[in-house]
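Engineer: Here it is: the structure, laid out below.
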Amino acid sequence: SKLGGCSRERHPVVVELYMDGRKLLDRAYAPTGIKKDMASYVFEEFLIEPGLHRVEAKLYRSGPGRPADFSLDHAMELKPGGIRVVRFDEKEGALLIE
């Protein structure tokens, strides 16, 4: 009965994305589901010039004012016509770039 009044609602997931030190994204994504207790889905596209870049990504899911729960700092070379994806892998418990 104590847990009966406990909300299952999750905090929005906040994603920050930086490319070569320039902020490209800083946005909150609401959880899905009727009770707002399911996954948040993020899909954004950016056109990036080919070449060597440093990508930094931060994912916050513990609520405002807390440090990032997951982060990524990665140097990558993007070839003309290339596509890269930053994603969260639940099994690994990490942000990955592919």
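Engineer: Heavy atoms only, probe 1.4 Å: what % of the accessible area of the chain goes to carbon and sulfur, would you let me know?
Structural biologist: C and S fraction of accessible area: 53 percent.
Engineer: With springs only between Cα atoms under 10 Å apart, run a GNM on the chain and tell me which of L59, L17, L78 wobbles the most.
Structural biologist: Looking only at L59, L17, L78, the largest GNM fluctuation is found for L78.
Engineer: What is the set of long-range amide H partners of L78 at a cut-off below 5 Å, with H atoms built 1.01 Å from backbone N?
Structural biologist: Those qualifying (amide H under 5 Å, at least 5 residues apart or on another chain) are G51, L52, H53.
Engineer: Extension gain Y18-L52, at 0.36 nm per residue separation less the Cα-Cα distance, in nm?
Structural biologist: That pair, Y18 and L52, stretches by 10.8 nm at full extension.
Engineer: Can you give the accessible area per residue of the chain, in Å², using a 1.4 Å probe?
Structural biologist: Value for the chain: 76 Å² per residue.
Engineer: With only alpha-carbon atoms in the gyration tensor, what are the semi-axes of the equivalent ellipsoid for the chain, in Å, largest first?
Structural biologist: 31, 13, 12
Engineer: Turning to a different aspect of this structure: Gain in length, D26 to R66, computed as 0.36 nm per residue apart minus the alpha-carbon separation, to one decimal in nm?
Structural biologist: 12.9 nm
Engineer: Taking only C-alpha pairs under 8 Å that are 6+ residues apart, what is the relative contact order of the chain in percent?
Structural biologist: RCO, the chain: 22 percent.
Engineer: Once you have the Kirkwood Rh of region 19-72 from its Cα pairs, apply Stokes-Einstein at 25 °C and 0.890 mPa s and quote D in µm²/s.
Structural biologist: 182 µm²/s
Engineer: How much space per residue, in cubic angstrom, does the convex hull of the C-alpha atoms of region 49-98 take up?
Structural biologist: In region 49-98, the Cα convex hull volume per residue is 85 Å³.
The values are calculated or read from the model by the stated rules, or taken from the named source; none is laboratory data. All values reported here derive from a predicted model rather than from experimental measurement. Please note that ligands, DNA and RNA were not included when accessible areas were found on the heavy atoms of the full protein model with its side chains. Shrake-Rupley method; radii C 1.70, N 1.55, O 1.52, S 1.80 Å.
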